[in-house]
Structures are given as structure tokens and as C-alpha cells.
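K.L.:
Got a structure here, written out as C-alpha cells. Questions coming.
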2 protein chains.
Amino acid sequence: MDMDAFLARLQNYVTLPGPTRAAMSSVRHVLRQMPRGKSIINEGEVLKRVHVIQKGWAIRKRILEDGRRQILNFLMPGDIFDLQAMIDSRSDHAIETITLCEVRSIPTQEFLALVSEHPALASALWWSTVQEEGILREHIVRVGRRNAIERISHLLIELRRRLILSESADADESVSLPLSRQLIADAVGLSPVHVSRTISSMRRMGLVSANGHLRVLDWDSLASIAGYDDQYLHLDARPLDMTGCVNVGDRETTA
Amino acid sequence: MDMDAFLARLQNYVTLPGPTRAAMSSVRHVLRQMPRGKSIINEGEVLKRVHVIQKGWAIRKRILEDGRRQILNFLMPGDIFDLQAMIDSRSDHAIETITLCEVRSIPTQEFLALVSEHPALASALWWSTVQEEGILREHIVRVGRRNAIERISHLLIELRRRLILSESADADESVSLPLSRQLIADAVGLSPVHVSRTISSMRRMGLVSANGHLRVLDWDSLASIAGYDDQYLHLDARPLDMTGCVNVGDRETTA
DNA sequence: CGCTCGGTTGAGATAATTCAAGTGCAGTGG
DNA sequence: CCACTGCACTTGAATTATCTCAACCGAGCG
């Protein structure tokens with residue numbers, strides 16, 4: 001597979017010119033295979049590279065002093081992270097694989113050079129930041145104002161939607177998700193046993209099947225239970241004409 | 001007051017050169033005064049301008065079909081919003097004033113031109129985006145994995161911290177916050193009556209006073225109850241050398 | 001003066017948690 | 001091939017945090 005997951009995802013909304021695509025595939029990088037449960041970035045770690053998930057799933061997470069864990073987001077093929085390496089030295093959260101993963105890392109400087117030479121890429125990254133913020137906000141709503149079954153349903157639907165965008169899944173295919181009860185619990189702010197109970201009842205309703213891997217049977221009912229609305233993913237977004245704009249060149253900084 | 005709240009805030013981490021500051025104050029804009037409770041942006045609205053809170057407080061919020069409300073974030077003097085107007089036409093959430101506000105709006109195109117001519121500004125905006133994402137993530141942790149008193153304490157501390165950064169408050173001054181029980185409840189995902197009860201008990205503990213406006217008496221105890229840690233605000237951030245980077249120029253896009 | 005609105009407080013209901021025991025499957029070693 | 005162990009999941013029962021409903025209070029305002 002020479003088609004990069006990252007590229008595939010970006011192409012959803014920006015058509016990247018040939019030279020840009022070429023430059024992206026030839027940029028200096030490291031491709032690492034990592035087993036499940038391995039930490040990619042630790043909280044407080046100094047960031048020196050930008051990463052792209054090539055295969056597999058990972059999570060962003062925060063751990064409180066007493067061990068409580070909150071999953072902030074799921075990362076799947078094509079997702080880029082640690083863009084903030086470009087201005088900020090330390091990560092405020094950790095990143096960990098939850099399946100076998102292939103992760104590509106690009107040194108910050110190389111990445112910046114790439115972006116500066118390929119404007120369409122800058123615009124694409126800006127879009128991906130907007131989308132990610134939307135996802136974070138929706139996660140707040142999910143956890144803050146929805147009950148157990150709504151939270152879980154809403155999460156599952158988002159994940160499928162994003163999986164389809166990443167081109168790792170087809171729309172009709174009944175996607176199977178690599179999620180344990182514990183992961184779901186820490187993502188939506190419930191206890192694992194309550195998640196288990198809730199999923200059991202969803203199974204009884206014929207919404208999902210859960211022998212081994214979790215599999216959704218009825219996306220439509222799920223969406224209506226969850227009150228799901230795509231808008232926050234900004235799938236309709238089209239880049240504005242940014243000609244001649246946003247040239248982050250030299251900086252005049254002190255401190 | 002010729003010193004712009006936005007400028008003041010940006011100066012926290014990037015020193016903007018004189019010409020940049022001059023350009024910022026002379027950019028074409030509209031300055032609006034709005035009473036409390038007025039909507040600045042509606043969910044789904046097409047975004048055409050970038051906004052800066054000059055005075056007062058506002059909230060980002062989402063309303064579910066059945067009326068449940070989730071406050072996503074608070075906006076205070078110096079906060080900029082709708083940067084996403086630059087690529088995306090529709091807002092996925094609403095913005096509403098919660099005090100008397102002064103809001104400055106700049107047409108997207110003018111703003112883009114400003115940024116493109118003043119690289120230090122681009123770097124500053126990138127920082128502010130990173131900070132905002134950090135705030136969103138911390139809000140997820142707050143709502144997902146903390147109990148009532150922790151949520152409320154943590155929120156209050158963050159707000160004070162940001163208020164100090166915005167230079168609308170002094171560090172020693174015992175800040176008074178324009179928050180109703182209902183607002184706090186919708187921010188941290190609780191019912192207003194439970195918030196009221198929790199605050200009552202905080203008052204009994206000598207942590208806050210709440211005659212009329214809410215006022216914190218003991219920040220240190222509050223911080224230790226909340227398990228508060230500044231890291232996510234990235235106050236230590238220093239812009240990297242982005243020389244020659246991120247030139248979002250022409251785009252090669254198709255639909 | 002009488003309203004309205006935010007806040008407080010009580011009592012009962014409910015959603016979710018904790019603790020604990022039990023099930024079933026996958027992997028390992030004999 | 002079978003037993004043994006570990007681990008994720010399930011289920012029950014008791015507990016707790018939070019919610020809802022409802023009454024009441026007090027300040028601000030026409």
C-alpha cells in the first residue's frame with residue numbers, strides 16, 4: 001500500500017496537487033510498528049515530531065493522580081497528532097495504542113518545511129484542526145448532558161463515521177469496533193460495569209451484537225436514540241480562498 | 001482604553017512588533033455593545049467574521065433537541081472566536097453573552113490579510129488555538145471523571161487563571177465571577193440544585209462566599225480539592241522558529 | 001405593593017457506582 | 001487432549017451521587 005492513510009483522509013475535502021502528494025510521500029520519517037497498549041507520547045513529554053496513525057487505533061488520555069482515567073479522543077488511520085509540537089514543547093496528555101499500530105513520525109522541522117512549500121497542505125491541516133475541535137466539543141456534550149445509552153450510542157456512531165472517512169471501512173459494511181467495556185467507560189465517563197449493563201440492554205433491543213468484538217446492527221435506531229447529528233464533523237467544509245494569507249514567517253518574540 | 005484586550009492577551013507569550021500592533025488597531029472592524037443574554041452566533045450560522053471579546057463574558061453552548069444545554073467554554077476579554085470562519089462556513093455551536101459585552105468583529109478577508117502581513121500574529125493565533133484545545137480537553141476530564149465539588153472548584157480556578165491572563169484581574173485580588181448556578185450547572189454537567197447544594201457546602205467549608213456574586217476565599221484549598229494543574233494552559237509555551245513556514249497561499253481544491 | 005427571578009432546602013426517586021461472585025473463552029503447559 | 005490460569009465480560013445486591021419536584025425565601029423592580 002503506497003497510498004498513505006493520511007493522504008487518503010485529507011483528500012476528503014482538499015484535492016492535493018501531484019507535487020504535494022509526492023513531497024508528502026518522500027518526506028523524511030520513521031515508520032514504527034507498535035503492539036497494543038504501548039505509549040506513544042507521555043504526559044508532559046517534549047514534542048519533537050508530528051505523528052500520523054497509519055494503521056490501527058490509539059487513544060488520547062489523561063490520568064488523574066488517583067488513577068481515574070479519561071479518554072479524550074480516539075485516533076484512527078489518517079489521524080495526525082502533535083501538530084502543537086510546532087509551537088509548544090510539552091504534551092498535556094498521553095497517547096497510547098489500543099490495537100496493533102503503525103505510526104509514522106516526522107520531525108517537526110521537516111514537517112514545517114513541507115507545509116511551507118505546499119500551501120494546500122496548510123489549508124488541509126487547518127481544516128483538520130477545526131474538525132478535531134468539533135469532535136472535542138461534541139465529546140463534552142456527550143459526557144456532560146447525555147445518559148448512558150445515549151453516550152455510548154453517540155460514540156459508536158461517531159467512530160463509524162470517522163472510520164468511513166478514513167477509508168478504513170465501507171458505509172454499508174457492519175463495522176466491528178476494537179473497544180473493550182473499560183475503554184468505552186473511560187471515554188464516556190461511566191463505570192465499566194454500567195457500560196456492560198447498558199450494552200447488554202442494547203443487545204436485547206437488537207441494536208448491537210457483542211460476541212467478542214462489538215458490532216452495531218441498527219445504525220438508524222442508534223442514531224435516533226443518540227440524537228446524532230453530523231454537523232460537528234464539518235464534512236461540508238470547503239476551504240476559502242486563502243491566497244496570500246497566513247504566512248507564519250519570522251517571529252518577533254521575547255521571553 | 002486604546003489598549004486592546006486581544007493585544008494584551010497575545011502579549012502574554014509573543015511580543016508583537018510595533019507595526020503589527022498598529023495594523024491591528026487600525027484594521028477595519030465593527031465594535032458592538034450587547035446586553036446580557038444576547039446571541040452573538042447561532043448554531044448553524046454562516047460565519048463571515050472573526051470576533052474578539054473586548055469586555056464582558058460570553059459562552060459557547062450547544063442545545064439538544066429536548067432543551068438540555070451544555071456550555072462548552074467561557075469566553076472572556078481578549079478571547080478570539082470563529083477563527084474557523086477562515087475555512088468553514090457554518091458554526092457547530094452558538095455563542096451568547098452572559099454579561100454586558102463589547103464585541104469587536106473583523107471581516108474574514110480583512111483578518112486574513114492582516115495575518116498574512118504580520119507573521120508574529122499568525123504564530124500567536126496558532127498558540128491560542130493550542131491553548132483552546134487544551135481547555136476543551138480539560139473540560140472533558142472535568143465533566144467525565146470528577147465529582148460535583150471537584151468539577152466546580154476546577155472550573156472556578158481555571159476561570160480565575162484565564163481572567164488573570166486576560167489582564168482583567170489581578171492575581172491577589174479576590175476575583176468575583178458573574179456566574180449563576182444555572183450557568184455553572186450547564187457547564188459542568190450537573191443540575192442547578194445540586195450545584196447550589198455543593199456551593200452551600202463549599203461556603204460552609206470557608207472556600208467561597210456567595211452573597212450575590214460568587215467570590216472565592218481560599219484558592220489554595222480549592223486547587224487541592226480540584227487536583228488543579230495549570231499545564232493544559234501551556235503558559236510556558238514559546239513559539240518555535242517557524243521562519244519561512246506555513247504559507248497558506250493559493251489552494252488547489254476541487255469541490 | 002406585588003411580581004419575578006435566582007437561590008436555598010427538603011424529601012423521595014433514579015441513575016450510576018461499588019463490591020462481589022460467577023461465567024466463558026483463549027492461551028499455556030503438562 | 002486436558003487441566004489451569006488469566007482476563008474480559010456479566011449479573012446481582014446494596015450503596016451513593018445526583019436529579020426531580022416542590023415549597024419557600026429574599027432582593028430588585030415596575
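The values are calculated or read from the model by the stated rules, or taken from the named source; none is laboratory data. Everything numeric in this text was worked out from a predicted model, so none of it was measured. Methodologically, a virtual Cβ is constructed for each residue, glycine included, from the backbone with ideal geometry; neighbour enumeration extends over all protein chains shown.
K.L.:
Return the total of residues in segment A:190-219 being among the polar types (S, T, N, Q) and surrounded by 14 or more Cβ atoms within 10 Å (Cβ to Cβ).
P.N.:
3
K.L.:
Also, I was wondering about something else. Kindly evaluate B:A171 against the criterion of being over 30 Å from A:L190 (Cα atoms), near DNA strand C (Cβ under 10 Å from one of its atoms) and away from chain A (no Cβ under 14 Å). Even if it seems obvious, please write down each step before you answer.
P.N.:
Numbers: over 30 Å from A:L190 (Cα atoms): yes; near DNA strand C (Cβ under 10 Å from one of its atoms): no; away from chain A (no Cβ under 14 Å): yes.
Spelling it out, it is not the case that B:A171 is over 30 Å from A:L190 (Cα atoms), near DNA strand C (Cβ under 10 Å from one of its atoms) and away from chain A (no Cβ under 14 Å).
K.L.:
Please count how many residues of segment A:64-78 are surrounded by fewer than 15 Cβ atoms within 10 Å (Cβ to Cβ) and either in contact (Cβ under 8 Å) with a residue 24 or more places away in the chain or of a type outside the set (D, E, K, R) (or both).
P.N.:
Within segment A:64-78, residues that are surrounded by fewer than 15 Cβ atoms within 10 Å (Cβ to Cβ) and either in contact (Cβ under 8 Å) with a residue 24 or more places away in the chain or of a type outside the set (D, E, K, R) (or both) number 2.
K.L.:
For a quick check of your reading of the model, give me the residue pairs whose first member lies in segment B:179-192 and is without any contact (Cβ under 8 Å) to a residue 40 or more places away in the chain and closer than 20 Å to B:S209 by Cα, whose second is near DNA strand D (Cβ under 9 Å from one of its atoms) and aliphatic (A, V, I, L, M), with beta-carbon atoms closer than 7 Å and at least 6 apart or on different chains.
P.N.:
From residues that are without any contact (Cβ under 8 Å) to a residue 40 or more places away in the chain and closer than 20 Å to B:S209 by Cα, the pairs are B:R181/B:V195; B:I184/B:V195; B:A185/B:V195; B:P192/B:A185.
K.L.:
Let me ask something additional. A:A187 passes all but one of (1) within 16 Å of DNA strand C (Cβ to nearest atom); (2) more than 10 Å from chain B (Cβ to nearest Cβ); (3) surrounded by 20 or more Cβ atoms within 10 Å (Cβ to Cβ); (4) of a type in the set (G, A, S); which number fails?
P.N.:
With (1) within 16 Å of DNA strand C (Cβ to nearest atom); (2) more than 10 Å from chain B (Cβ to nearest Cβ); (3) surrounded by 20 or more Cβ atoms within 10 Å (Cβ to Cβ); (4) of a type in the set (G, A, S) applied to A:A187, the lone miss is (2).
Yes/no per residue for (1) over 23 Å from A:E132 (Cβ atoms); (2) more than 13 Å from the chain's Cα centre (by Cα); (3) without any contact (Cβ under 8 Å) to a residue 12 or more places away in the chain:
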residue	(1), (2), (3)
B:G44	no, yes, no
B:L100	yes, yes, no
B:R104	yes, yes, no
B:V130	no, no, no
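K.L.:
Let me ask another. How many residues, within segment A:5-22, are within 13 Å of chain B (Cβ to nearest Cβ) and of a type in the set (A, V, I, L, M)?
P.N.:
3
K.L.:
Could you please find all residues in segment A:170-226 being within 20 Å of A:N73 (Cβ to Cβ) and either within 8 Å of DNA strand D (Cβ to nearest atom) or assigned to a loop (DSSP other than H, G, I, E, B) (or both)?
P.N.:
Matches in segment A:170-226: A:V175, A:P178, A:L179, A:S180, A:R181, A:Q182, A:L183, A:G189, A:L190, A:P192, A:V195, A:L214.
K.L.:
Output the residue which, of all residues in segment B:28-45 that are aliphatic (A, V, I, L, M) and away from chain A (no Cβ under 14 Å), is surrounded by the most Cβ atoms within 10 Å (Cβ to Cβ).
P.N.:
Across segment B:28-45, the extreme among qualifying residues is B:I40.
K.L.:
Could you list, ordered by first residue, the pairs with Cβ atoms under 7 Å in which the first is in segment B:205-226 and within 14 Å of chain A (Cβ to nearest Cβ) and more than 16 Å from DNA strand C (Cβ to nearest atom) and the second is assigned to a helix (DSSP H, G or I) and at pLDDT 95 or above, at least 6 apart or interchain?
P.N.:
B:A223/B:I157; B:I225/B:I149; B:I225/B:E150; B:I225/B:S153; B:A226/B:E150; B:A226/B:S153; B:A226/B:H154; B:A226/B:I157
K.L.:
Within segment A:70-116, can you find the residues that are within 12 Å of chain B (Cβ to nearest Cβ), part of a strand (DSSP E or B) and over 23 Å from A:R28 (Cα atoms)?
P.N.:
A:Q70, A:I71, A:L72, A:N73, A:A94
K.L.:
I would also like to ask the following. Of all residues in segment A:109-122, count the ones that are touching a Lys or Arg at 6+ places or on another chain (Cβ under 7 Å) and surrounded by fewer than 20 Cβ atoms within 10 Å (Cβ to Cβ).
P.N.:
Total satisfying the criteria: 1.
K.L.:
Can you tell me which residues in segment B:120-164 are farther than 21 Å from B:H29 by Cβ, within 7 Å of chain A (Cβ to nearest Cβ) and not β-branched (V, I, T)?
P.N.:
B:S123, B:W126, B:W127, B:E133, B:G134, B:L136, B:R137, B:H139, B:G144, B:R145, listed by residue number.
K.L.:
Here's something else I'd like to know. Of the conditions (1) within 16 Å of DNA strand D (Cβ to nearest atom); (2) at pLDDT 95 or above, A:I157 fails just one. Which one is it?
P.N.:
(1)
K.L.:
Is there a residue in segment B:125-144 that is part of a helix (DSSP H, G or I), in contact with a Gly (Cβ under 7 Å, 6 or more places away or on another chain) and at pLDDT 95 or above? Step through it out loud before you land on a result.
P.N.:
As a first pass, look at segment B:125-144 and keep what is part of a helix (DSSP H, G or I): B:125-144.
Now narrow it down to the ones that are in contact with a Gly (Cβ under 7 Å, 6 or more places away or on another chain): B:143-144.
Filter again for at pLDDT 95 or above, leaving B:143-144.
Yes.
K.L.:
Of the residues B:G134, B:G144, which is within 16 Å of DNA strand C (Cβ to nearest atom) and in contact with a helix residue (DSSP H, G or I) (Cβ under 8 Å, 6 or more places away or on another chain)?
P.N.:
None of the other options fit; the residue is B:G144.
K.L.:
Now for a separate question. Applying the selection to segment B:46-63, what residues are part of a loop (DSSP other than H, G, I, E, B) and surrounded by 23 or more Cβ atoms within 10 Å (Cβ to Cβ)?
P.N.:
B:W57
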